[in-house]
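S.K.: Here's a structure for you.
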Amino acid sequence: MALPQGFSKWEHLQDVLRNYHNKLVREEFSDITDDDALTIPRGALKRACLLDDDDTVDMTLLRLHLFFFHARKAADLQAPIYGIPVADYDSQVKYKPQVNLYFKQDPDSVPSGRSPSRAEISFRLVNESSTTLTEAELNAIANRIKSELGAANGYRWRKGKILVTYKNLESGLNLQIYAFSEAEGIEVIRKVCDCAQRPYNDDYVTTHEPKKTFPSTPGTQIILGKSRNKPVERPTVYVRFHNASVAIHGLPNPIFLVTRRFSEKSGLVSF
């Protein structure tokens, strides 16, 4: 379609961004009217976050940064979680190094209005501790994970309603896999065993068939006067390997072992 005469890319972008962004700002500051005095702290913050038609590019970026990174504390960039600070946890619990494998639903398969499904699988390095683990061992683990899970744009498996467990505590494996079938759950478990360099054994597998039904479209519910989607329990959906990290007692942040190329995190290896 031909663009209208005199069409300005910047004016169009600015208009769309202003309308969308200012709607978010007004929802966030719904307790503050646009004409509240700037002497009110939240009134001043709201005014500083709202985009104006005569803003320069630099002012536009500063207002966006102020709103998303300061007023909302970057909450839009990560899923909310329940937890405690790592330093507090480490002061209470001493643990063996834990390798975490993260899987995530492909963005183009996420239904409108829903968040992408995720899966996390972990295993312990029972023969290591914070003081014995070496960088050479971490690199070896990272390369094994990349070999097992990094091919073909990341290993993909189907989550589902059947719980397949694998319990071999002596090897650091206590897995709970919600899979579409027992066979698919065992396939994932075998992959994890290979990553951990532990032999797979059928004797450690238990399959749990659910008695409860888990609808794929659970409907909506009213919360604070608004209709909102109910969470989907045990969704049937494909998830793809995204990254791997290791948590080491005494370190405030995990070390990323494997990451995707061009991701925001840098791992020991990438795929």
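S.K.: ALA152 is checked against (1) open to solvent by less than 90 Å² (accessible area, probe 1.4 Å); (2) closer than 22 Å to ARG260 by Cβ; (3) modelled with pLDDT under 95 and fails just one. What number does that condition carry?
M.R.: Condition not satisfied by ALA152: (1).
S.K.: Working carefully through the options ASP202, ASP194, find the one that is touching an Asp or Glu at 6+ places or on another chain (Cβ under 8 Å), over 27 Å from PRO107 (Cβ atoms) and open to solvent by 50 Å² or more (accessible area, probe 1.4 Å). Lay out the reasoning, then the answer.
M.R.: Values: ASP202 fails: touching an Asp or Glu at 6+ places or on another chain (Cβ under 8 Å).
Criteria check complete, one pass: ASP194.
S.K.: Find the residue count for the stretch 250-269, including only residues that are without any contact (Cβ under 8 Å) to a residue 40 or more places away in the chain and either more than 28 Å from GLY185 (Cβ to Cβ) or outside any strand (DSSP E or B) (or both). Can you show your working first?
M.R.: Narrowing the stretch 250-269 to residues without any contact (Cβ under 8 Å) to a residue 40 or more places away in the chain: 256, 259, 261-266.
The next check asks that each one be either more than 28 Å from GLY185 (Cβ to Cβ) or outside any strand (DSSP E or B) (or both); those that pass are 261-266.
Number of matching residues: 6.
S.K.: To continue, here is another question. Out of the residues in the stretch 1-32 that are among the aromatic types (Phe, Trp, Tyr) and open to solvent by less than 100 Å² (accessible area, probe 1.4 Å), which is nearest to ASP55 (Cα to Cα)?
M.R.: Let us first name the residues in the stretch 1-32 that are among the aromatic types (Phe, Trp, Tyr), namely 7, 10, 20, 29.
Next, only the ones that are open to solvent by less than 100 Å² (accessible area, probe 1.4 Å) stay: 7, 10, 29.
Numbers: PHE7: 19, TRP10: 11, PHE29: 21 Å.
Ranking the candidates gives TRP10 first.
S.K.: When the residues of the stretch 230-249 are narrowed to those that are part of a loop (DSSP other than H, G, I, E, B) and touching a Lys or Arg at 6+ places or on another chain (Cβ under 9 Å), which ends up farthest from ASP88 (Cα to Cα)? Break it down into steps so the answer makes sense when it comes.
M.R.: First, the residues of the stretch 230-249 that are part of a loop (DSSP other than H, G, I, E, B): 230-236, 248-249.
Within this subset, residues satisfying the condition of being touching a Lys or Arg at 6+ places or on another chain (Cβ under 9 Å) are 232-236, 249.
Working: VAL232: 32, GLU233: 31, ARG234: 31, PRO235: 33, THR236: 36, HIS249: 11 Å.
Filtering first and then ranking leaves THR236.
To keep it simple, each residue is scored yes or no on (1) exposed (fewer than 10 other Cβ atoms within 10 Å of the Cβ); (2) polar (S, T, N, Q); (3) closer than 26 Å to LYS191 by Cβ; (4) touching a Ser or Thr at 6+ places or on another chain (Cβ under 6 Å).
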residue: ALA79; (1), (2), (3), (4): yes, no, yes, no
residue: GLY83; (1), (2), (3), (4): yes, no, no, no
residue: TYR89; (1), (2), (3), (4): no, no, no, no
residue: TYR102; (1), (2), (3), (4): no, no, yes, no
residue: VAL110; (1), (2), (3), (4): no, no, yes, no
residue: THR131; (1), (2), (3), (4): yes, yes, no, no
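S.K.: Do we find that LEU138 is surrounded by 15 or more Cβ atoms within 10 Å (Cβ to Cβ) and in contact with a helix residue (DSSP H, G or I) (Cβ under 9 Å, 6 or more places away or on another chain) in this structure?
M.R.: Numbers: surrounded by 15 or more Cβ atoms within 10 Å (Cβ to Cβ): yes; in contact with a helix residue (DSSP H, G or I) (Cβ under 9 Å, 6 or more places away or on another chain): no.
In short, no.
S.K.: Can you pull out every residue in the stretch 53-72 that is open to solvent by 50 Å² or more (accessible area, probe 1.4 Å), outside any helix (DSSP H, G or I) and within 22 Å of HIS12 (Cα to Cα)?
M.R.: ASP53, ASP54, THR56 - these are the residues of the stretch 53-72 that are open to solvent by 50 Å² or more (accessible area, probe 1.4 Å), outside any helix (DSSP H, G or I) and within 22 Å of HIS12 (Cα to Cα).
S.K.: Among the residues of the stretch 214-228, are any closer than 26 Å to SER112 by Cα, assigned to a loop (DSSP other than H, G, I, E, B), open to solvent by 50 Å² or more (accessible area, probe 1.4 Å) and of a type in the set (S, T, N, Q)? Don't jump to the end; show me each part of the working.
M.R.: Taking the stretch 214-228 as the starting set, the residues that turn out to be closer than 26 Å to SER112 by Cα are 214-228.
Still in the list and also assigned to a loop (DSSP other than H, G, I, E, B): 214-219, 224-225.
Then drop every residue that is not open to solvent by 50 Å² or more (accessible area, probe 1.4 Å), which leaves 215-217, 224-225.
Checking which are of a type in the set (S, T, N, Q) leaves us with 216-217.
Yes, the stretch 214-228 contains at least one residue that is closer than 26 Å to SER112 by Cα, assigned to a loop (DSSP other than H, G, I, E, B), open to solvent by 50 Å² or more (accessible area, probe 1.4 Å) and of a type in the set (S, T, N, Q).
S.K.: Return a yes/no flag: does the stretch 33-44 have any residue that is over 30 Å from CYS193 (Cα atoms), assigned to a loop (DSSP other than H, G, I, E, B), small (Gly, Ala, Ser) and open to solvent by 60 Å² or more (accessible area, probe 1.4 Å).
M.R.: Restricting attention to the stretch 33-44, the residues satisfying the condition of being over 30 Å from CYS193 (Cα atoms) are 33-44.
Filter once more, keeping what is assigned to a loop (DSSP other than H, G, I, E, B): 33-40.
So of that shortlist, the ones also small (Gly, Ala, Ser) come out as 37.
Then keep just the ones that are open to solvent by 60 Å² or more (accessible area, probe 1.4 Å); that gives none.
No, the stretch 33-44 contains no residue that is over 30 Å from CYS193 (Cα atoms), assigned to a loop (DSSP other than H, G, I, E, B), small (Gly, Ala, Ser) and open to solvent by 60 Å² or more (accessible area, probe 1.4 Å).
The values are calculated or read from the model by the stated rules, or taken from the named source; none is laboratory data. Here the structure is a predicted model, which means the values were calculated and not measured. Positions of Cβ are backbone-derived with ideal geometry, glycine not excepted, and every protein chain shown enters the neighbour counts. For accessibility, only protein heavy atoms count, side chains too; no ligands or nucleic acids. Shrake-Rupley method; radii C 1.70, N 1.55, O 1.52, S 1.80 Å.
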